[in-house]
Amino acid sequence: MAAENGEEKLIAVARHIAKTLGHNESMADDILQIFSNFDGRFSREKFVDKLTTAGQEEDLRPLDHTIKSLQRRISHYVAAEYSIWSDSADSSAFLDCLDELISTVRELSGSIYAGAYLSNAEDLLQQAMFRLAEEFRLLMERGGESFELPRSYKNSNGVLTENNSNNLLYEDSDEDDHDDSDSEIPVAQPISNYDVIIDAFPSGIVNDLHEMAKRMVVSGYRKECLHVYGSCRREFLEESMSRLGLGKLSSEEVQRMPWNELEVEIDKWIKAANVSLRILFPSERRLCDRVFYGFGSVNDSSFMEVCRGTVVQILNFADAVAIGSRSPERLFMVLDLFETMRDLMPEFEYNFSDQYCLVLRNDALGLWKRLREAIRGIFMELENLIRRDPAKAPVPHGGLHPITRYVMNYLRAACRSRESLELVFEESASVPSKASTSSSLSVQMEWIMELLESNLEVKAKIYRDTALCSVFLMNNGRYIVQKVKDSELGSLLGDDWIRKHTAKVKQYISSYQRSTWNKLLGVLRADCSPVGANVGGKSMSMKDRIRAFNSQFEEIYKSQSRWIIFDEQLRNELRISLSNLVLPAYRNFIERLQNAPDVGRHADRFIKYNLEDIDTRINELFQGGNGSAGGRK
């Protein structure tokens, strides 16, 4: 009997020590070991059974009562067929139950003897979390619907509600036309200010979402919470992209797209990219930060999961254009994409600044570089196009060659984006910068101009008539100089380049005059002149010389009245120069002819053109029409 009482006293002491030191498993083992060593009559197993049973009866009985009470209350909400958050009293009570259950589970988790109680509590917590996740989803889906303000609403902080943001972001309405022609259909205005933030929900609902998310995260249901949140917000972004006109197109679909359709899609892409990076993504960041405030990096990871699909959609479209054909005509479409990405790179850096979004930042920078390489490739293809342009048939009448017109208009249009092209051809460019003093673009333009000039010189050799060859080079050279002077090309190529090529045009003019008019003027020179005063070593009489002049002038007029000098100023300048060259010499010749002994008073019989006729015929040259060299009328 005394032995049994001693055993009971020992167990009582052990129970007191266990309560003092807590329910830690290692401490309990130490206690058991001490008492086992103290009295070998008691086995460890027997001692544990008695200690566990007694401890559970005394310590866990209140928690068992709590669990049963929570089960009755929480089961009521879990089984409810209405939304708990439709009534603020119900939602508050439900959250209180959850807080108590979470606390109970945490307390039971610290005991090695609470297995059955802990299992029941965790099962109840799982049911509660499933219902809370459903309430979370319902609140996100319906939250914005109950928050309706006038379409023009914008608060003092520049924050728009999601419902009203639709009016700002989208020009097209999803609503069908009504039969009533008098009904007004709102039309959104073009976006001019991106400095706005969209609030998806009123602040009260955001607070509710935050409280719900807090319970799910601390209970170990973070993954489920982020899944519900992410799916709802991704759906909103997908709808936004659709309403902005940006479809989910594969790379093959983009590259097979007809030219006019692709231009339309690029316009839509530019708008969608700007709205996304400047409005939608900052708004999603704001919402993530508010809902998941205080949860460590949960807000960052959630934001990345929400936006990743839309970012990939935006980048994939531009990438499909970048890796497509290098046809020169595509330059301006690719430049539009390049410039948009250049302007948006700071937005990528700002919106996706955390470690979770590093891959999105790198993808954006990689696309910007691929667009840059695409533009370089297009210019290389332009160079190849110039080199390969064949010298087959001469341009009629020495006019402007199509390759000249094409290249110069192409370069003029391209240089409207000079700032962007400077970035493209800057070897060290790695990130967008608006400050560039590089002359790499100038070098590129000089090289293309050199290729064009070489190509035209080869084409000029097709002409059998030396004078017409000069007219061809004169026309194309003048066109090139004028296009350079009247555009950004002038500042790129510089004044020295313009002076050099203006001098070349004058050389072509001099070459033309020598090959056409020097022989004619030789006929009119005085008898003492060794040039043109004789033919075949025989002196020409005045009669022969007037006849030779008439014949040669008539041939010049017939052929060169069909030739073309496209530039009106150049055409007039050349005509004045020819008149000043020919008329004085012809006037002197006529005077000598009238005084010649072998002609005398019969000179009028040999004079086919008077001075006015000569001047009129010269002013009819280079018009590309059909001339006729008639005599005086």
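The values are calculated or read from the model by the stated rules, or taken from the named source; none is laboratory data. Note that the coordinates shown come from a computational prediction; the quantities given were computed from them, not determined experimentally. Please note: Cβ atoms are built from the backbone with ideal geometry, for glycine as well, and neighbour counts cover all protein chains shown. SASA here: full protein model, heavy atoms, side chains in, ligands and nucleic acids out. Shrake-Rupley method; radii C 1.70, N 1.55, O 1.52, S 1.80 Å.
A count restricted to the range 248-267 and to residues that are under 17 Å from VAL312 (Cβ atoms) and touching an Asp or Glu at 6+ places or on another chain (Cβ under 9 Å) stands at 4. Per this entry, VAL311 is counted among residues that are among the hydrophobic types (A, V, I, L, M, F, W, C) and either in contact with an Asp or Glu (Cβ under 9 Å, 6 or more places away or on another chain) or not in a helix (DSSP H, G or I) (or both). If you check GLU265, GLU239, GLU235 for being assigned by the TED database to the domain that holds VAL321, without any contact (Cβ under 8 Å) to a residue 60 or more places away in the chain and farther than 27 Å from SER86 by Cβ, only one passes: GLU265. Residues of the range 552-582 that are open to solvent by less than 30 Å² (accessible area, probe 1.4 Å) and within 15 Å of ASP613 (Cα to Cα): PHE553, ILE556, TYR557, SER561, ARG575, LEU578, SER579, VAL582.
Anything in the range 288-308 that is open to solvent by 10 Å² or more (accessible area, probe 1.4 Å), touching a helix residue (DSSP H, G or I) at 6+ places or on another chain (Cβ under 8 Å) and farther than 15 Å from VAL359 by Cβ? List them, or say none. Let's see the steps before the verdict.
Let us first name the residues in the range 288-308 that are open to solvent by 10 Å² or more (accessible area, probe 1.4 Å), namely 289-290, 293-297, 299-301, 304-305, 308.
Imposing the further condition that a residue be touching a helix residue (DSSP H, G or I) at 6+ places or on another chain (Cβ under 8 Å) reduces the set to 289-290, 293-295, 297, 299-301, 304-305, 308.
Across the range 288-308, the qualifying residues are ASP289, ARG290, TYR293, GLY294, PHE295, SER297, ASN299.
Going by the conditions given, is VAL264 open to solvent by 60 Å² or more (accessible area, probe 1.4 Å) and at pLDDT below 95? Yes: the conditions hold for VAL264. Looking at GLU235, GLU284, just one residue is open to solvent by 10 Å² or more (accessible area, probe 1.4 Å) and over 30 Å from ARG106 (Cβ atoms), and that residue is GLU235.
When the range 72-121 is examined, which residues are found to be charged (D, E, K, R) and either assigned to a helix (DSSP H, G or I) or more than 20 Å from PHE136 (Cβ to Cβ) (or both)?
Narrowing the range 72-121 to residues charged (D, E, K, R): 72-73, 81, 87, 90, 96, 99-100, 106-107.
Once the filter is applied, which keeps residues that are charged (D, E, K, R) and either assigned to a helix (DSSP H, G or I) or more than 20 Å from PHE136 (Cβ to Cβ) (or both), the range 72-121 yields ARG72, ARG73, ASP90, ASP96, ASP99, GLU100, ARG106, GLU107.
Comparison of SER487, SER510 shows that the only residue that is at pLDDT below 95, outside any helix (DSSP H, G or I) and outside the structural domain of SER579 (by the TED database) is SER487.
Where residues in the range 346-382 are of a type in the set (D, E, K, R) and over 17 Å from the mean Cα position of the chain (by Cα), which of them is least open to solvent (accessible area, probe 1.4 Å)? Outline the logic, then answer.
Narrowing the range 346-382 to residues of a type in the set (D, E, K, R): 347, 349, 354, 361, 363, 369-370, 372-373, 376, 381.
In the following step, the residues that additionally are over 17 Å from the mean Cα position of the chain (by Cα) were identified as 354, 381.
Values: ASP354: 21, GLU381: 56 Å².
If we take residues in the range 346-382 being of a type in the set (D, E, K, R) and over 17 Å from the mean Cα position of the chain (by Cα), then ASP354 is least open to solvent (accessible area, probe 1.4 Å).
Being open to solvent by 50 Å² or more (accessible area, probe 1.4 Å) and modelled with pLDDT under 90 holds for only one residue in GLY40, GLY55, and it is GLY40.
Could you please let me know if ASN588 is under 23 Å from TYR508 (Cα atoms), modelled with pLDDT of 80 or more and surrounded by 12 or more Cβ atoms within 10 Å (Cβ to Cβ)?
no
Selection of first residues in the range 383-396 that are open to solvent by 70 Å² or more (accessible area, probe 1.4 Å) and of second residues that are assigned to a loop (DSSP other than H, G, I, E, B) and not charged (D, E, K, R), restricted to Cβ pairs under 9 Å at least 6 apart or on distinct chains, gives the following pairs, ordered by first then second residue: LYS392/ILE462; ALA393/ILE462; PRO396/GLY624. Considering every residue within the range 214-231, establish whether at least one is open to solvent by 60 Å² or more (accessible area, probe 1.4 Å) and hydrophobic (A, V, I, L, M, F, W, C). Checked against the condition, which is being open to solvent by 60 Å² or more (accessible area, probe 1.4 Å) and hydrophobic (A, V, I, L, M, F, W, C), the range 214-231 yields at least one hit.
Would a scan of the range 314-335 turn up a residue that is part of a helix (DSSP H, G or I) and closer than 30 Å to ILE205 by Cβ?
Kept after step one, since they are part of a helix (DSSP H, G or I), are these residues of the range 314-335: 314-322, 328-335.
From the residues that got through so far, the ones that are closer than 30 Å to ILE205 by Cβ too are 314.
Checked the range 314-335: at least one residue is part of a helix (DSSP H, G or I) and closer than 30 Å to ILE205 by Cβ.
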